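Reading through the structure tokens given below for one structure.
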Amino acid sequence: MDAVCATYERTHGVTFGTGDPALGGARTAGLAGGGMVGVRPPLRDTEEPVVRPYVRVQDIKAAVDAAAESGAEVAVPPMKLEGHGTCAIVVQGGIDVGLWEL
């Protein structure tokens with residue numbers, strides 16, 4: 001995780017903070033355009049490394065329902081993260097996509 005953060009800092013000119021327990025220990029850095037990049041350690045022994053973009057949505061329930069109706073697997077249903085909004089993860093064709101409602 002530290003090596004990935006160091007690479008992103010050098011290639012994107014960002015600075016990562018310390019791990020945030022509410023985000024599974026992820027270290028985050030703000031981006032110039034207002035977005036955020038985060039790198040977190042595995043949450044379980046069987047978790048494989050993954051690059052997962054998160055897309056901001058207005059209504060997370062509607063977005064998850066639409067993804068499921070389109071054939072996506074709901075890997076993580078909507079869950080609140082204290083101080084960070086609500087996120088969910090869907091998998092479509094083997095590709096992880098995170099959905100985030102603030």
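All of the numbers you see were taken from the coordinates with simple rules; none came from a lab. Everything numeric here is computed off the predicted structure, so don't read it as measured data. As a convention, Cβ positions derive from the backbone with ideal geometry for all residues, glycine included, and neighbour counts pool all protein chains shown.
Computed over segment 17-57, the P(r) curve from all C-alpha pair distances, binned at 5 Å from the origin, holds 6, 19, 25, 28, 15, 5, 2 percent per bin.
For segment 1-47, the relative contact order comes to 29 percent (Cα pairs under 8 Å, sequence separation of at least 6).
Averaging the sequence gap over all C-alpha pairs within less than 8 Å and six or more residues apart, then dividing by the number of residues, gives segment 29-102 a relative contact order of 29 percent.
Note on A22/S70: beta-carbon distance plugged into 1/(1 + (r/R0)^6) with R0 of 41 Å gives a FRET efficiency of 0.90.
Kirkwood hydrodynamic radius of the chain, from the reciprocal of the average inverse Cα-Cα distance over all distinct pairs: 14.6 Å.
For a label point 7 angstrom out from the Cα of E47 toward its Cβ, which stretches of segment 1-22 have the backbone nitrogen within less than 12 Å? Only 1, 20-22 fall inside the zone, counting backbone N under 12 Å.
Using only side-chain charges placed at the Cβ, +1 for Lys and Arg and -1 for Asp and Glu, the dipole size of the chain relative to its Cα centre rounds to 280 debye. Mind pulling the angle between the C-alpha long axis of helix 60-69 and the longest principal axis of the chain? Nearest 10 degrees, somewhere in 0 to 90. Value to nearest ten degrees: 60. Computed per residue of the chain from DSSP H runs no shorter than four, each worth -39500 (n - 2.57), the mean residue ellipticity at 222 nm is -6000 deg cm²/dmol.
Measuring how big segment 45-102 is from its alpha-carbon positions, Rg and Dmax come out at 11.2, 33 Å.
Charged side chains reduced to their Cβ positions (Lys and Arg at +1, Asp and Glu at -1) give segment 19-58 a dipole of some 160 debye around its Cα centre.
Simple point charges give the picture: +1 on the Cβ of Lys and Arg, -1 on the Cβ of Asp and Glu, and for segment 50-102 a dipole about the Cα centre of about 140 debye. Placing unit charges on each Cβ (+1 for Lys and Arg, -1 for Asp and Glu) gives segment 1-83 a dipole about its Cα centre, and among V50, A66, T11 the Cα reaching farthest toward its positive end belongs to T11.
Does anyone have the angle between helix 2-12 and the longest principal axis of the chain? Alpha-carbon axes, 0 to 90°, nearest 10? Around 90 degrees separate the two axes.
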